[in-house]
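Here the structure is laid out as structure tokens; the discussion comes afterwards.
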Amino acid sequence: MTQTTTLPACCPALTHHWPLPEILDGAVLVSGRFNPAQLVEGDFQRCLISQPASIQRSVAKRQTEFLAGRLCAMEAMRRLDGRQLAPDIGEDRAPIWPNDICGSITHSTGWAAAIVAHKQQWRGLGLDTENMLSPERATRLAGEILTPEELAQMVAGPAERIALRVTLTFSIKEALFKALYPIVQKRFYFEHAQLLEWSDDGHARLRLLTDLSSEWHNGKELEGQFSVQDAHVLSLVSIAA
């Protein structure tokens, strides 16, 4: 279902859909395409979205992706329970959600999305999208994104899967961070998690390689999911209440 009213030309339509293999009960996902060339003065005010100083100083691309992400979040919350507000941005640059809501916002070239749910059902949600890396760039970046075990799996696997493997590993580790950071309030990085396995049907399993809390400790495993569409990878990690 598409929302098309009172939206700026730079983000003319929002779509309520589920582009991932496993539906999350009670969660709402909204996405929309955006075009920085069509951003005009006053779009933020007309959409009732505050523009932080850091965004005001940024280029049109960053302003538009921020606006589109907040529009997706507003529409997702409206569909969830009728409230109409956009999350502010915290000092750590993460969205500030209402106390009873967990959510996540993501964007790649020309596309933004947000997912929200009540904390009664989901403690953490991490949504991330990444443009598919070229095989050459994926090979160059693999050492920065993959653990030694993941690198060994990459080398042992088919060369034509390297681009997807590295892009997915990047994306799903970002999704893991977005899901866990609001819970543990501790930063962690690519080397602190391992993508154990993933399948063509969009399922994945991860393992923490560091202690973040007594609950989220080294060796703890989590499930994730992903889809590949329009030359980008969309990943989601969800933590049930």
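Of all residues in the range 204-218 being open to solvent by less than 80 Å² (accessible area, probe 1.4 Å) and touching an Asp or Glu at 6+ places or on another chain (Cβ under 9 Å), which is farthest from residue 152 (Cα to Cα)? That would be 217. The numbered conditions (1) farther than 23 Å from residue 202 by Cβ; (2) open to solvent by 20 Å² or more (accessible area, probe 1.4 Å); (3) touching a residue at least 12 places away in the same chain (Cβ under 8 Å) are all true for residue 58 except (3). In the set (1) farther than 24 Å from residue 111 by Cα; (2) of a type in the set (A, V, I, L, M, F, W, C); (3) out of contact with any Lys or Arg (no Cβ under 6 Å at 6 or more places or on another chain); (4) touching a residue at least 24 places away in the same chain (Cβ under 8 Å), residue 151 fails one condition alone, (4). Under the condition of being open to solvent by less than 20 Å² (accessible area, probe 1.4 Å) and aromatic (Phe, Trp, Tyr), the residues counted in the range 74-107 number 0.
Determine whether the range 120-134 contains at least one residue that is of a type in the set (Gly, Ala, Ser) and modelled with pLDDT under 95. No, the range 120-134 has no match at all. The residues in the range 108-122 that are of a type outside the set (D, E, K, R) and open to solvent by 60 Å² or more (accessible area, probe 1.4 Å) can be counted, and the count is 3. Counting only helices (runs of 4 or more DSSP H) that sit wholly inside the range 123-203, those with at least 3 residues that are open to solvent by less than 40 Å² (accessible area, probe 1.4 Å) are 135-145, 162-184.
Annotation: residue 39 fulfils all but one of (1) buried (at least 17 other Cβ atoms within 10 Å of the Cβ); (2) in contact with a strand residue (DSSP E or B) (Cβ under 9 Å, 6 or more places away or on another chain); (3) of a type outside the set (Gly, Ala, Ser); (4) touching a residue at least 24 places away in the same chain (Cβ under 8 Å); the unmet one is (2).
The values are calculated or read from the model by the stated rules, or taken from the named source; none is laboratory data. Keep in mind the model is a prediction, meaning the values are calculated, not measured. Neighbour counts are summed over all protein chains in view; Cβ atoms, including those assigned to glycine, are modelled from backbone coordinates with ideal geometry. Note: accessible area is taken over every heavy atom of the protein model, side chains too, but ligands, DNA and RNA are not part of it. Shrake-Rupley method; radii C 1.70, N 1.55, O 1.52, S 1.80 Å.
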